[in-house]
Amino acid sequence: MKYFQRTSVFFAATVAFLLVYAALNRFPFAVDAATCVTFSILVFANAIRRRGFALFRGADARPLTEILLAHAICLVALVIILRLGYYATPFAPDWLTLPVGQDSYGRLGPSLLQIVQALALFSLGFFEYRVMIAKKRVDPEAEEKAKAALWREAELEAERMSGLSLH
C-alpha cells in the first residue's frame, strides 16, 4: 500500500529544506538543521511508503522509543559527517581535497572527500531506512514459553475451580 508518491516525498523534503534554511539562515547551524529535517522527511516518508502506518502500530511494529533513538543516532552521525567536511578540509591532504574533474564550462567537480561524504550519507540513510522497515523478530523459544505459561495458568485455574464445592 503506497501512502505517498515518491515525487511528493522529494517535493516535501525540498520545500522543508528551503523553509527551515530561510528561517534559520542567520544562525551557523542553519544548514545542519535544514539537512536534518530533510533527512527525517526522506527516511520516515519512504519507510511509511514501504510498510504503511503499521510501522508505528500493530503486531510487527517496533517500539516508538526504539525508532526515535535510532533516528536520533543517525541524525547525530549526519551532523558529524557534515561538520567533518566543513572543518577537516583545511587540514586534509591535497589529494583528498582537490577536485576530481571539471566540466566543459570550467566548473570544478567534487573532491574525493565530498564524494566519500556523499557515499557515507547515502549509506546512513539506507541503513536507517532498512532498520525502520525491518519487522520485529520474534524468538520462537520465548513464544513457546509464553504459550506454555498461558496453558499452565489455565490448568491451575481449572484445578482451583474443580476443588470448589457448591453448597
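What follows is calculated from the coordinates using simple rules that are stated; it is not laboratory data. Everything quoted here is computed from the prediction, not taken from an experiment. All Cβ positions, glycine included, derive from the backbone under ideal geometry; neighbour counts span all protein chains shown.
Summary table below
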| read-out | value |
| --- | --- |
| Segment 6-138, relative contact order [Cα under 8 Å, separation at least 6], % | 25 percent |
| Inter-label distance, nm, simple model (7 Å from Cα along the C-beta direction), THR89/PHE27 | 2.3 nm |
| Per-pair calculated FRET efficiency, R0 = 25 Å: SER8 and ALA134 via Cβ, rounded to 0.05 | 0.55 |
| Per-peptide average of other Cβ atoms within 10 Å, ordering 78-84, 41-47 highest first | 41-47, 78-84 |
